[in-house]
Structures are given as C-alpha cells and as structure tokens.
Amino acid sequence: MKQMTFLMAPALWVAMAAPSWAEKLSLDDISAYLNKLGAAQTSFTQINDDNSISTGTLMIKRPGRARFEYDPPEAALVMAGSGQVAIFDKKSNEAPESYPLRKTPLWVILEPNVNLKQRDMVVGHSYDGTATTITAQDPKNPEYGSIQLHFTGDPVQLRQWVINDSNGGETTVVLGDLDQSVSLANRLFNIERLKQLNAPADDD
C-alpha cells in the first residue's frame, strides 16, 4: 500500500510567506514547540513516491497519537496509537497492516519528550531565509529512515515533512495551518477498537 511509504520513508517545496527578518530556529525552539503541541488538526497534501498526490485530514494528539483520514478515491485510514501504526484499507476485508511506531520516522514528532539535541538525532539543520529545516533520525537505529521537518517562525509552526525510508523512497506531506483549538477524543486513535469494529462477523 503506497501510504506505507510515507510512514517508513522528489520532495515538493512549497513557498511559505514569512517575515523577511525571520531567523533560523534553534533546536531548542523546535523541541519546545513540538513538546507544547497537544491536540491539533489540519488538512494535508501528500506527494507519494510515484509522484501521485493524495489529500486528507490529519489529527494529532501528542504524545504518541495521530490519525490520517484520506479523501476519496483513496480508501485508507492510517492511525498511530499505543506504540503502533496501523493502516486500514476500507475496501479490503483483510486485517490492517501494523508496525511499531518506533520503527517509523513519525516517532520523532510524536515522542513524549522531544529532544532534538540528543546525540546523533539531528543530522541536518539549515535555513533558507523562509523556513528552518531539520533532518532527524533514530540515533540508535538510523536504518529505520529519516524525517526532514520544515518550520516557519513567528510563531513557530510545522509546515511540511519529507520521509526517507530505508529503501530509498521519499514521500512529502504538506500541511495546512494547524488548528490547536480542537478537542480530539482518544477513541479516534484507538487502533484495537477500530480493528474490532471492522472485524468480519462470524457466519455461525
């Protein structure tokens, strides 16, 4: 399923307006921003490894939880919760694909205590005059892939990420403005509950 590429991962850079006097964000600034990010919702555009485009709605409830609802004609729902990532295919009767969250670069965003200054975690940190870009990986398991995060400042906001997987695949996710005023129920991220709801009924 192509949605897995974005989890286990040519980047599309979207120009974003920012004050001309904006400066490169420090790793402390970015870590603090991510740690303060609780519940948030936004639209997203995903550029897949085959250059196809998907759209949908992203819900985040840190720490550890995220939900990607893909717009039609896609029939996928991707959820992160309880240390797992599950991919549900709404057109299939098969069980969802499941992976440990820690084995996907997405954990960098959802980690309970983000510390980008951890040794060997950030392998790239740059500023192009508009956005600050960091490239991060699991320092203990760099083979899991890396995530390139793009932030604008004043105030700090995550704008997009590019995931590079261990097989050389790349997927870009471009975010709209994050709405942090939302209240998101925990059941939206309950993978086991959704598995039970989608389980086929017994024929007995």
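The values are calculated or read from the model by the stated rules, or taken from the named source; none is laboratory data. A quick note: this is a predicted structure, and the numbers were derived from the prediction, not measured. So basically every Cβ, Gly included, is an ideal-geometry build from the backbone, and we count neighbours across all protein chains shown. For accessibility, only protein heavy atoms count, side chains too; no ligands or nucleic acids. Shrake-Rupley method; radii C 1.70, N 1.55, O 1.52, S 1.80 Å.
Counted residue by residue at 0.36 nm each, then reduced by the alpha carbon distance between them, the extension gain from residue 97 to residue 166 reaches 23.0 nm. Rolling a 1.4 Å probe over the protein heavy atoms leaves residue 159 with an accessible area of roughly 50 Å².
Give, in nm to one decimal, the length gained when the segment between residue 36 and residue 51 is fully stretched (0.36 nm per residue of separation minus the Cα-Cα distance).
Contour length minus the Cα-Cα distance gives 2.1 nm.
Percent of Cα-Cα pairs more than 13 Å apart in the range 73-131, please.
Numbers: 1213 of 1711 pairs.
Within the range 73-131, distances greater than 13 Å cover 71 percent of Cα pairs.
Where only DSSP H runs of four or more residues are counted, the chain gives -3500 deg cm²/dmol as its mean residue ellipticity at 222 nm, each run worth -39500 (n - 2.57). Take the Cα of residue 187, step 7 Å toward its Cβ, do the same at residue 28, and the gap between the two points is 4.4 nm.
Within the chain, how many Lys pairs sit with Cα atoms under 16 Å apart, leaving out pairs fewer than 8 places apart on the same chain?
On the way: 2/90; 2/91; 24/117; 36/61; 90/195; 91/195; 103/140; 117/140.
Taking the chain as the scope, the lysine pair count is 8.
In sequence order, the range 177-188 has phi-based couplings of 5, 6, 8, 9, 8, 6, 10, 10, 5, 4, 5, 5 Hz under the Karplus curve 6.51 cos²θ - 1.76 cosθ + 1.60, θ = phi - 60°, and Gly or Pro positions carry x.
The ellipsoid equivalent to the alpha-carbon distribution of the chain has semi-axes of 29, 17, 17 angstrom, derived from the gyration tensor eigenvalues as √(5λ) and listed largest first.
How much of the pair distance distribution for the range 88-204 lies past 23 Å, counting alpha-carbon pairs only, in percent? Tail of P(r) above 23 Å: 46 percent of Cα pairs.
Using only side-chain charges placed at the Cβ, +1 for Lys and Arg and -1 for Asp and Glu, the dipole size of the chain relative to its Cα centre rounds to 580 debye. Between the listed residues 163, 150, 40, the Cα displaced farthest toward the positive end of the dipole of the chain, a dipole computed from Cβ unit charges relative to the Cα centre, is found at 40.
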